[in-house]
Structure formats: C-alpha cells, structure tokens
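Scroll down for the structure; my scribbles are underneath it.
The values are calculated or read from the model by the stated rules, or taken from the named source; none is laboratory data. Values in this document were obtained by computation on a predicted structure and should not be read as measured data. Glycine gets a Cβ as well: all are built from the backbone with ideal geometry, and neighbour counts include every protein chain shown. Ligands, DNA and RNA are stripped out before the accessible areas are found, and what is left, the full protein with its side chains, is counted by its heavy atoms. Shrake-Rupley method; radii C 1.70, N 1.55, O 1.52, S 1.80 Å.
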Amino acid sequence: MSWLVLVVSGMLEAVWAAALSASHGFTRLRPTLLFLVALTASMAGLALAVRTIPIGTGYAVWTGVGAALTVTWAMVTGAETFTPLKALLLVGIVGAVIGLKLLPSPSDADDTGPA
C-alpha cells in the first residue's frame, strides 16, 4: 500500500509542477489553488509512504515519478520539444524507479553474516 501511495504522490508532484507553471507566478487563482491542493496532498502522501519505505528510496521514487511525468506532460502539451534522446532518458528514469522497487528492503536481507 505504501508503494501505491508513493507513486500517486509522485503523480501529484507532476500536477503541482504543471499548476505552478500555469499560475504565472501565482497571479491566476485556479492554477494557484490546484498547486496548493496538489502540493499538500503530494507531501502528505510522501510523508505517509516513508513511514515504511526508506526515505532515500522513497524520495528518489517520488521525484523520479514526478520528474518523468512533468517532462512527459510538457512534451505532450508542446511546452517542451520531444526528442528521441529525451524519451530514452525518461525510460531510464522509469527503469530506475522500478529497480528501486524491486530491490530487497533491509528487512529482507539475510542477517546471518557478521554483525
């Protein structure tokens, strides 16, 4: 459940980033309100998720999901140009996030070695 909360929180990071851009320096009410709601929900979700996920892993996943979705959204809307290299690098970010999820947690490690 923590991983689902973490990924949704990362998605909300992309929402608040897009809303921040659309707010034009907090001069537009609706995007500013969306920014505040998404930011609060994203941070709350991150805080909840890192109760059971190590902070380094949680933060890396949260920022990775948010960054990948923010750039993807910018390319889809035309705010940023699409290039095959950008797409490849975004796949790398997503792959790294998946890799962090697949790594065993400290509680899964074999404790039979020297202390």
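Summary of values
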| quantity | calculated |
| --- | --- |
| Per DSSP, loop trypsin sites (Lys or Arg not before Pro) in segment 11-98 with at most 10 further Cβ within 10 Å | Arg51 |
| The chain: relative contact order as a whole-number percent, Cα under 8 Å and 6+ apart | 29 |
| Helix 2-22 vs. the chain, principal-axis angle (Cα, 0 to 90°, nearest 10) | 20 |
| Spacing of the two label points (7 Å from each Cα toward its C-beta) at Leu100 and Ala44, in nm | 2.3 |
| Prolate/oblate/rounded label for the chain (Cα gyration tensor, a/c 1.5) | oblate |
| Cα long-axis angle, helix 55-77 against the chain (0 to 90 degrees, to the nearest 10) | 30 |
| Three-way shape label, segment 38-89, alpha-carbon gyration tensor, a/c 1.5 | oblate |
| Accessible area of Met11 in the full protein assembly, 1.4 Å probe (Å², nearest 10) | 90 |
| Surface accessible to a 1.4 Å probe, per residue, for the residues of the chain, Å² | 65 |
| Relative contact order %, segment 15-68, counting alpha carbon pairs below 8 Å whose residues are six or more apart | 25 |
| Degrees between helix 84-102 axis and first principal axis of the chain (Cα, 0 to 90, nearest 10) | 40 |
| Extension gain (nm, one decimal) between Phe26 and Tyr59, 0.36 nm per residue minus Cα-Cα | 9.3 nm |
